[in-house]
């Protein structure tokens, strides 16, 4: 008795076309002797014109094996997205994004023996029997890499590495991937800064300092409970909360301390590491106070270097193996458009 193999499908997207600049509807990449992945456009005739894509892996002996491979690919794609700043949305979770009416599903099943699967944003697993498929509906100048093969090379190289991330790194990576999708330098910088906050350990203040904070907290609580005092109870609670947040050192202090401990690299974005981190703190504070950050380094360059710094921390804290990838120069093209329905 032969068993039906399984396949996984991992769907991802981009805000703009040109992120996977192949002039064909699909490409294949062999990531191991046992597995070849197929990257396909979902809403255009070519990958270069598409903003929705999926990657299929086939030939798995069980649904569980297919699901594990999908998760392994998802993690590596998120890393590659952050490393290269591709601007892809690689979903962390899985949810149905489109579904065909049940009566249509039943009709196709009874008349043709075919099963329509729902479209999923993220990963899905289904039998690889040729009878399971999904309907996909879809309705400027594009700047893209001149040679897109480096994307496939990145998947191949990362697939061969033993990669596992701790919870803080997972969260930072997810935020960093969001930063690659931002079209505004300011938004990209702030999002990357938020990713950095996930990775910086803040030390508790000294016992003496916390004793002073507790003393003032107690006084505030007493004043808030005193109906004869003009301090409102809700104000007292708010101030006590502010004092409580001071029990740990500030993020900027923790980041500056880390910068002084880093010996390699000696420079980031053309600056010594402590000066670079100070420039990031200054830019963040100015943006937070609705001021335009005036730095000698353009905010776009600062944002790119900050993303690379966050990745360096992820790599270091998880002891990941070294990884290098060459990126080609960019090319400009004008893609066609149109509304289509595809069976995939």
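Summary table below
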read-out	value
Residue list for the stretch 218-242, filter: surrounded by fewer than 16 Cβ atoms within 10 Å (Cβ to Cβ) and either in the same structural domain as residue 296 (by TED's automatic domain parsing) or assigned to a helix (DSSP H, G or I) (or both)	218, 219, 221, 222, 225, 233, 234, 235, 237, 238, 241, 242
Some residue of the stretch 315-328 being modelled with pLDDT of 90 or more, surrounded by 14 or more Cβ atoms within 10 Å (Cβ to Cβ), out of contact with any helix residue (DSSP H, G or I) (no Cβ under 8 Å at 6 or more places or on another chain) and in a helix (DSSP H, G or I)	yes
Test: residue in the stretch 164-181 that is loosely packed, with under 15 Cβ neighbours inside 10 Å and either within 28 Å of residue 290 (Cα to Cα) or at pLDDT below 90 (or both)	no
Test: residue in the stretch 108-122 that is part of a loop (DSSP other than H, G, I, E, B) and modelled with pLDDT of 85 or more	yes
Count of residues meeting criterion [farther than 18 Å from residue 133 by Cα and surrounded by 15 or more Cβ atoms within 10 Å (Cβ to Cβ)] in the stretch 17-43	10
Unmet criterion (only one of (1) closer than 20 Å to residue 158 by Cβ; (2) surrounded by fewer than 20 Cβ atoms within 10 Å (Cβ to Cβ)) for residue 59	(1)
Pairs with Cβ under 7 Å, 6+ apart, first in the stretch 203-217 and closer than 24 Å to residue 255 by Cα, second in a helix (DSSP H, G or I)	203/254; 213/243
Within the stretch 137-154, considering residues that are surrounded by fewer than 19 Cβ atoms within 10 Å (Cβ to Cβ) and within 30 Å of residue 118 (Cα to Cα), the one modelled with the lowest pLDDT	139
For residue 269: the one exception among (1) closer than 17 Å to residue 200 by Cα; (2) surrounded by 14 or more Cβ atoms within 10 Å (Cβ to Cβ); (3) under 27 Å from the mean Cα position of the chain (by Cα)	(1)
Residues within the stretch 84-116 that are surrounded by fewer than 16 Cβ atoms within 10 Å (Cβ to Cβ) and at positive phi, tallied	1
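The values are calculated or read from the model by the stated rules, or taken from the named source; none is laboratory data. A quick note: this is a predicted structure, and the numbers were derived from the prediction, not measured. Virtual Cβ from ideal backbone geometry, glycine too; neighbours counted across all protein chains shown.
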